[in-house]
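Encoded as structure tokens, the structure appears first; notes follow it.
Quick note: the coordinates plus some simple rules give every number you see, no bench work behind them. Model, not experiment: these values are computed from the prediction. All Cβ positions, glycine included, derive from the backbone under ideal geometry; neighbour counts span all protein chains shown.
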Amino acid sequence: MAADGEADDGTISEDLREQARALGWEEGLLDRALAHGYDVNTIAAVLATRLSGDQAKGFLDREAAQPSFAWMESPTEWGVRAVPADAEMGLTLADIMVGSYGEVPDLWTNRTEIARGSHPTAVQEDMGYTIFEKAIVWAPSVADLYERAIRERWAPATDLGWRSLEALPDDIERAICQVMTEQSERAYAEATVLGRWLPEISYGFVEMKLFMGSVIYDLARHAEAFRKRALANGGGLGLQAPTGLIRGATEARSFPELMAYLFVQDSVLFSFFRAAGNLARNQLERDLYAYAALDRERLLEYQVERLAGFLEAFPDRRDEQHQYLRKAEVRLAREWEDAAVREPLELLLGGGRDGLAAGGAALRVLRHRQVEEYLGALERAGFVRGERLHSGLRTWLEAPVSAGEGSLLATTGRS
Amino acid sequence: MTAAPATPELDLSWLDLYDEPTAAEPGKRGLTLEAIDTGAWASREEASRDMTPRLRGARARAEAHRQGLTYQTKADVWADQCHALYEEAVQRQWSSARDIPWETLRELPDETERAMCQLATMLAEVEFIAGDVPGQWLPAISGDEFEVGLFLMTQIMDEARHSDVFRKRALANGGGLLAQGAGLGLRNLIDAKDFTEMSVLMHVQAEGFVQSMFRMGELIGPTQADKRIFRMAAQDESRHLAFGVMHLKHVLAEAPERREEIHHYLDRAEEASGGGSGDVTFPPVFESLAILLGGGKEHFDEGVARFMLLRQRQVKEYLHRLDVAGLGDRRERLGPALAQFAA
């Protein structure tokens, strides 16, 4: 092999050697590259990219390395053969939470994207995660909720009876379109807020992140489906949704704050979708609300379990949660007073513009139920809001509801 | 007991906003996003953007809050066909629990099982990042291009399923997770400061490389279950890749002055030979692929030859996709780690 500076069968010019020296390539590296099989044009191209000497050497060292198969001896748990607990359900996440792979640590310490249970390499870059405590994000059912989300998936384009829509009176159609516009935006905005938090959560809690992926996807379909309904039956989009409530979610400085804040919206929307049977004017809308309720139910289950676990792990942070809930309640109460939020519901519940008074009574029932169920969900998490409930919501809870009004709302059912 | 909430004065002004009655018609694929992209509601280059959470077409509220900075030019995020890609994603969701024939897994030679588990370990890791990256960009997308946001939300779901399925594979056949991947290039994806930078590096480059590998799944996968995993995952990656190519094409058409900037992102990313897909030349990954491609440790050299074919295929397809997007001149400035496979 020729030494650097001498032409090797005329293939490497002195000019190239000068370039290599200027880039800090050690003597002999050019010839090693040639011997390795790289042609002079490739070498010239590499030099043109200003590859440093260290990079070039590292590259050649790696190319020449003999296989070691050291990874085969990684000190991880071996011999795992997860099997479906229920053949009908297939191989679920719960099925693979076996042995050490099923251990979700209270505190995860690896700052890289390492898959939980694999063997860490010695040097890895920090990926910037900020959430390492299980109790911040975890809920015992996340693995099941994720698999349920996949089993219960639906497609707005084809699972709703778009061809069954029939023309409705103008005021009814416009009220529906206003509700749809609002719900489409609420879903989309919540998905964007949740998406922004994904890169914060470390791999220790992978099952929770998978579930959160399914939530974001659910919300995408809600945004899509509500928009489609607004544009499918002679109406259009109405006034944008109020922005105060969702703005508060973007202001959250921590995941517990975010989730406490969203607990309020997730709960009242679940109750709303579940009770929206009397808003619906056709089977398509009944189905749409029922699908949305099904998806929101999973999210609310997560919320309840997460909050319960969080309070158990951090009992001293109970009062702090009241603060976040209050912030959301204040904004929600204000939005419920908004004319473009309240009036379309009254109009639909009352059967038209002439029935606004009756619709108002039915809306009181709905709001009462939403607040009651919200408090019930908190209680399931071991959290009593009690006297601290914001007056703007308490007023709905304490408003007298007659027995007759109570029957104005049916629970949504899908065909 | 307090009194019932006072009944406010009726407003009803929201009833008077409808000057373009619309009744979008379902087609043979149902009522699609394309079908509702019509009239006043259609996407357009010039839109009255306002940085609030308002989705395109809804009437603006005077008091609406801004939600943070969002892109104010369609070309910054748009990809033609993103409606169709979204609908396809919704229609083609699959279940790692039930759509993979797990019962076809069979006992494999130890070294083959270990190789498959090592590959699955690396992929479970890579796909995890691939879900984080689109998530962090969602808030930056204006409601005027909400279809892009919707598409990214489907990608988050897809990547979750990929992380899930590769983890399941590692734990389903008498094996386990093995060594962490090299991680090279993954930081590039999460570090991107611009949507197009992110999309070119993740959708076109990283997912392109992964896609080329998945499409060799028939050769890589030792069992029917493995082959199906690669096939299903490849189907998803195709959409992500198509989004990236269409976005790049749109950017280059609408903002041709960004060509050199985009080359610069690629220059930097190509220095890491994995190009954001995790480094396939990292020994645990390279060696496991060579074992799987060769059909066993005793055919390692044959596997290495096929691995080189895989690398050639990855680079060739990468260049082809860039060419389709309008960046055909990438071939002349390809980084050295990839250039060797471009011949």
Alpha-carbon Rg with Dmax, taken over the stretch B:30-78, Å: 12.2, 37
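Hey, what did chain A get for relative contact order, percent, Cα under 8 Å, at least 6 apart?
Details: 522 pairs, mean separation 62.7, N = 415.
Reported as a whole number, the value is 15 percent.
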Taking alpha-carbon centroids only, the stretch A:349-398 lies from the stretch B:155-183 a number of Å equal to 44
Of the candidates B:LEU152, A:ALA340, A:GLY195, the farthest towards the positive dipole end of the protein assembly as shown (Lys/Arg Cβ +1, Asp/Glu Cβ -1, centred on the Cα centre) is A:ALA340
Per residue of A:139-149, what is the mean number of Cβ atoms on other protein chains within 10 angstrom of that residue's Cβ? 1
Can you pull the mean other chain C-beta count within 10 Å for peptide A:178-184? 2
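Using per-residue counts of other Cβ atoms within 10 Å, averaged over each peptide, order A:274-283, B:13-22, B:255-264, B:119-128 from highest down. Before the final figure, lay out each step's value.
Working: A:274-283: 20.1, B:13-22: 15.3, B:255-264: 13.6, B:119-128: 28.4.
So the order, starting with the most tightly packed, is B:119-128, A:274-283, B:13-22, B:255-264.
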Any DSSP H helix in chain B with Cα axial reach of 18 Å or more and mean Kyte-Doolittle score of at least -1.0? Listed by number, the hits are B:110-137, B:146-170, B:224-254, B:300-325
Cα centroid separation, the stretch B:7-68 to the stretch A:167-194 (Å): 9
Please report, in debye to the nearest 20, how large the charge dipole of the stretch A:307-356 is about its Cα centre when each Lys and Arg carries +1 at its beta carbon and each Asp and Glu carries -1 there. 80
Against the rule of thumb 2.2 N^0.38 Å, how large the Cα Rg of the stretch A:318-384 comes out: 1.36
Along the dipole axis of chain B (charges at Cβ: +1 for Lys and Arg, -1 for Asp and Glu; origin at the Cα centre), the most positive-end residue among B:ALA84, B:SER13, B:TRP137 is B:ALA84
If you take the charge dipole of chain A about its Cα centre, with +1 on Lys and Arg Cβ and -1 on Asp and Glu Cβ, which of A:THR76, A:TYR289, A:MET212 is farthest toward its positive end? A:TYR289
Please order B:VAL324, A:VAL83, A:VAL268 by the number of other Cβ within 10 Å, starting at the fewest. A:VAL83, B:VAL324, A:VAL268
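How big is the stretch A:116-247 by the Kirkwood estimate over distinct Cα pairs, in Å?
17.4
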With contacts defined as alpha carbon pairs under 8 Å and 6 or more residues apart, what's the relative contact order of the stretch A:91-192 in percent? 25
How shielded is A:185-195 by partner chains, expressed as the average number of their Cβ atoms within 10 Å of its Cβ atoms? 6
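For each of B:LEU152, A:LEU194, count neighbouring Cβ atoms within 10 Å of the residue's Cβ, then give the residues from fewest to most.
A:LEU194, B:LEU152
With only alpha-carbon atoms in the gyration tensor, what are the semi-axes of the equivalent ellipsoid for chain A, in Å, largest first?
Values: eigenvalues 662, 140, 87 Å².
Whole-Å semi-axes of the equivalent ellipsoid: 58, 26, 21.
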Regarding the stretch A:194-241, what is the average projected area of its C-alpha convex hull, in nm²? 4.0
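How big is the equivalent ellipsoid of the stretch A:261-415 along its three axes, where each semi-axis is √(5λ) from the Cα gyration tensor, reported in whole Å from largest to smallest? Could the numbers behind the result be given before it?
Numbers: eigenvalues 163, 66, 29 Å².
After diagonalising the Cα gyration tensor, the semi-axes are 29, 18, 12 Å.
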Any idea what Rg and Dmax come out to for the protein assembly as shown if you just take the C-alpha atoms, in Å? 28.2, 101
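I need the peptides A:153-159, A:317-323, B:133-139 ranked by packing, meaning the mean over residues of other C-beta atoms within 10 angstrom, with the highest value on top. Intermediate values should be presented prior to the final figure.
Values: A:153-159: 20.0, A:317-323: 14.1, B:133-139: 23.6.
By packing density, highest mean first, the sequence is B:133-139, A:153-159, A:317-323.
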To the nearest 20 debye, what is the magnitude of the charge dipole of the stretch A:258-415 about its Cα centre, counting +1 on the Cβ of each Lys and Arg and -1 on the Cβ of each Asp and Glu? 100
For chain A, the longest principal axis of the Cα atoms and the Cα long axis of helix A:142-151 enclose an angle in degrees, to the nearest 10, of 80
Of all alpha-carbon pairs in the stretch A:41-159, indicate the percentage at a distance above 22 angstrom. 63
The relative contact order of chain B, taking Cα pairs under 8 Å that sit 6 or more residues apart, comes to a percentage of 19
Show the residues, 5+ positions off or on another chain, whose built amide H is closer than 5 Å to the amide H of A:THR92. A:ALA85
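Add -39500 (n - 2.57) for each DSSP H run of 4 or more in the protein assembly as shown, then divide by its residues: what number comes out at 222 nm, to the nearest 500 deg cm²/dmol?
-17500 deg cm²/dmol, from helical runs alone.
Take the eigenvalues of the Cα gyration tensor for the stretch B:146-228, scale each by 5, and report the square roots as semi-axes in whole Å, largest first.
27, 15, 13
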Computed about the Cα centre, the charge dipole of the protein assembly as shown from +1 Lys/Arg and -1 Asp/Glu charges at the Cβ has a magnitude in debye, to the nearest 20, of 1780
Size descriptor, Kirkwood hydrodynamic radius, that averages inverse alpha-carbon separations across chain B, Å: 21.9
Would you calculate the separation in nanometres between label points at B:ARG313 and B:HIS65, each defined as 7 Å from the Cα along the Cα-to-beta-carbon direction? 5.1
Just list whichever of B:LYS168/B:LYS249; B:LYS168/B:LYS297; A:LYS209/B:LYS74; B:LYS74/B:LYS316 have alpha carbons separated by over 28 Å in the model shown. B:LYS168/B:LYS249; A:LYS209/B:LYS74; B:LYS74/B:LYS316
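Quick one: what do you get for the stretch A:285-347 if you divide its Cα Rg by 2.2 N^0.38 Å?
Values: Rg = 16.1 Å, N = 63, 2.2 N^0.38 = 10.6 Å.
Taking N as the residue count of the stretch A:285-347, the ratio is 1.52.
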Just rank A:GLU337, A:GLU312, A:GLU200, B:GLU270, fewest to most, by other beta-carbon atoms within 10 angstrom. A:GLU312, A:GLU337, A:GLU200, B:GLU270
Decide, for the stretch B:141-188, between rounded, prolate and oblate: order the square roots of the alpha carbon gyration tensor eigenvalues as a ≥ b ≥ c, take rounded if a/c falls under 1.5, and otherwise choose prolate if a/b is larger than b/c, else oblate. oblate
